[in-house]
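The values are calculated or read from the model by the stated rules, or taken from the named source; none is laboratory data. From a predicted model like this one, the values you see are computed outputs, not experimental measurements. With ideal geometry, Cβ positions are generated from the backbone for all residues, glycine too; neighbour counts draw on all protein chains shown.
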Amino acid sequence: MVVIAIDLERCTGCGTCLEACPTGALYLVEGKAMVDGALCRECEACLVACPSGAITLTEREEPVAEATRLPALRPEPAAIRVKTQPALVPFRSRALPVVGAALAWAGREILPSLAEYLLDRLDRRTTQLQARNKALNREAPASGAQGSGRRYRRRRRGGGRS
Ligand code: SF4
Ligand code: SF4
């Protein structure tokens with residue numbers, strides 16, 4: 001029984017055979033084509049498509065053919081996702097939702113309390129100033145009358161000298 005063998009020296013990793021294969025038996029590992037023996041139907045489509053002539057038919061017993069048919073060489077798709085996903089996602093994309101949530105929380109929980117506190121302080125200060133103004137206004141006419149009284153008494157004692 002013949003099987004597909006790939007000459008890794010000749011393979012350029014162009015991926016043409018992957019597109020030609022109807023069963024998805026071919027895959028690339030570090031830029032070299034590999035065949036999954038469990039999926040290969042020996043249709044020879046990849047052999048025809050390969051521009052480098054790297055794919056040949058060979059007997060199953062040959063060691064080269066056996067080496068290329070090892071399914072264990074094929075990386076598990078799930079394992080690839082787990083290993084590569086965190087590295088591929090930029091830090092900014094991961095941090096953005098956290099920062100957004102923190103800002104939303106601050107806007108919801110902290111800003112209203114802060115605004116209320118500042119308005120309270122402003123109200124208290126305004127009340128204090130109004131009370132002080134009222135007190136000053138009450139004192140002003142009284143002190144004005146006292147001053148003119150003193151001046152009148154001084155004028156009388158001086159006998160109209162000034
Ligand atoms: S012989 Fe056919 S099934 Fe096998 S790897 Fe090539 S294209 Fe795919
Ligand atoms: S088509 Fe040929 S050269 Fe290109 S990846 Fe497949 S085996 Fe390698």
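Of all residues being β-branched (Val, Ile, Thr) and modelled with pLDDT of 55 or more in segment 70-113, which is nearest to Glu30 (Cα to Cα)? Just the residue, please.
This residue is Val89.
Mind telling me which of the residues Thr23, Thr12 ends up being within 42 Å of the chain's Cα centre (by Cα), in a loop (DSSP other than H, G, I, E, B), touching a residue at least 12 places away in the same chain (Cβ under 8 Å) and away from ligand 1 (no atom under 11 Å from the Cβ)?
Thr12
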